[in-house]
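This report refers to the structure that appears directly beneath it.
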Amino acid sequence: MVLPVLDYCDAVWHECGQGNSDKIERLQRRAARIVYFKAASKLSTDQIMTKLGLEPLYYRRRTHILRFVDECIANRVPRYLSNYFN
């Protein structure tokens, strides 16, 4: 689906602004509706997202950032990255 594309470097563009963030979120919700094309008229987009196990992209980006910072602090990344957190 489009999720790998939306996740790519999401920590970098996390602060892209509310308007752009909303556009990206609408894209994910639209893709979810396409996946459930037959049932789409009967289910709300939130129900479809739940059935697909998709959380809002904002939360996914925040989780990726927290995971990245944790890896930097634990020195599980190249030194040039972990030096930012020392």
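The values are calculated or read from the model by the stated rules, or taken from the named source; none is laboratory data. The structure displayed is predicted, hence computed values, not measured ones. Heads up, the Cβs are rebuilt from the backbone with ideal geometry, glycines too, and the neighbour counts pull from every protein chain shown.
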**Request:** Sort out which residues of the stretch 6-55 are under 19 Å from F68 (Cα atoms), among the hydrophobic types (A, V, I, L, M, F, W, C) and exposed (fewer than 12 other Cβ atoms within 10 Å of the Cβ), and write them in order of number.
**Result:** C9, V12
**Request:** Being surrounded by 13 or more Cβ atoms within 10 Å (Cβ to Cβ) and at pLDDT 90 or above is the filter here, so list the residues in the stretch 76-86 that pass it.
**Result:** V77
**Request:** Output the residues belonging to the stretch 56-75 that are within 12 Å of D10 (Cα to Cα) and surrounded by 12 or more Cβ atoms within 10 Å (Cβ to Cβ).
**Result:** L57, Y58, R60, R61, R62, T63, H64, I65, F68
**Item:** Options G19, G53: the member that is among the small types (G, A, S) and at positive phi
**Value:** G53
